[in-house]
1. How much accessible surface area, in Å² rounded to 10, belongs to the heavy atoms of residue 205 with a 1.4 Å probe?
2. Tell me the Rg and the Dmax, in Å, that the Cα atoms of the chain produce.
3. Say each of residue 30 and residue 64 gets a label point 7 Å from the Cα, pointing the same way as Cα to Cβ; how far apart are those two points in nm?
4. For the chain, set up a Gaussian network in which alpha carbons nearer than 10 Å are linked by springs, and say which option among 204, 292, 300 fluctuates the most.
5. What list of ³J(HN,Hα) couplings, whole Hz, do you get for segment 91-96 from phi and the Karplus terms 6.51, -1.76, 1.60, once you set θ to phi - 60° and write x for glycine and proline?
6. Could you put 164, 34 in order of accessible surface area, largest first, with the 1.4 Å probe and the full protein assembly present?
7. At 0.36 nm per residue, and after removing the present C-alpha to C-alpha distance, how many nm does the segment from residue 291 to residue 205 gain when stretched out fully?
8. Suppose R0 equals 51 Å; then what is the FRET efficiency for residue 152 and residue 52 from their Cβ-Cβ distance, rounded to the nearest 0.05?
Amino acid sequence: MREIALQVVCRSGARLPALMNSVLKLDESAAPVLVRTAMFDATERRAYETELLAARRRAEESEARATALARTLQATFLPPAIGPIPGLDVAGAYRPAGDGTEVGGDFYDLFETERGSWSVVLGDVCGKGAGAAVVTALVRYTVRAEALHAPCPSAVLRTLHHALVRDQPENCCTAVFVRLEQGDGGVRAGVSSGGHPLPLCHRADGTVEAVGRNGTMLGILDEPALHDDTTVLRAGDLLVLYTDGVTEARRDGEFFGTGRLRATLGSVAGSEAQAVADGIVAAAVEFQGGDARDDIAVVAVRVPPNGPSRG
């Protein structure tokens, strides 16, 4: 036997932690000659093991508290129900990676900036856990504050970039910002992307096009390259913002890709916005065998078939 743990009851009645080892000695004919047994005082080892287990338990409890805090923080960054925007159908969906115990950096937000004007932001903060949640808070509130007076979408992202560089120099993010303005000819959508996948617009006639031009990731360069582009959403059009957890979903080394995303849009385009967002998330997760390897966030903006109404 090897390192059998036991307690020796001493004459005083005290218990002494001990380890016992035994070996069998054989003669030249392999016949047993004797058994040699040694017993060691394991008091210090037992104390070390007890402290090690206690430290591990404290670490697990601390990690659980940090995870719960991060998830609570992130829950405040994802509106439980988007909208409503008068005359439009809007919805969002979010799916954390894996079993959902580790908080990721995907986020989205939608808010009114002035009468007849709404802002949508969706992005992906680098990192995981509580650190990502803190940066997400900075991103969300910077965007909300700047969107109230910025002249264009790129100005909002440029201010966010400088906030990241100043306050979180080791963090960065990608983001796409869309300003929706209702008018008589439809809904004008101004778009700017900071290193984020461009929104896709599924038109009422079935065509699908990317909206905007690619910009640089925020929080990296001294001055980001950002652009402003505009499209008009009319009756039956659908605009979808998404994170790379959709297109970069993998199965056997193959990406879900924009081709499958466009095909998915075609299959759900006639549905309500919530069904569109949920359908895209479900398709990306199903492609991965039900195990999302990255966070997924989707926002869908749909103009009803009868067109937008002025709110």
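The values are calculated or read from the model by the stated rules, or taken from the named source; none is laboratory data. Here the structure is a predicted model, which is why all the values come from computation and not from measurement. All Cβ positions, even for glycine, are placed from backbone atoms using ideal geometry, and neighbour counts span all protein chains on display. Side chains included, ligands, DNA and RNA excluded: accessible areas come from the protein's heavy atoms. Shrake-Rupley method; radii C 1.70, N 1.55, O 1.52, S 1.80 Å.
1. Using a 1.4 Å probe on the heavy atoms, I get roughly 120 Å².
2. 29.3, 105
3. 5.3
4. Comparing 204, 292, 300 in a Gaussian network model of the chain, the most mobile one is 204.
5. 7, x, 9, 9, 9, x
6. Working: 164 0, 34 65 Å².
My answer, sorted largest first, is 34, 164.
7. Details: separation 86, 0.36 × 86 = 30.96 nm, distance 3.41 nm.
Additional length available on full extension: 27.5 nm.
8. Calculated value: 0.30.
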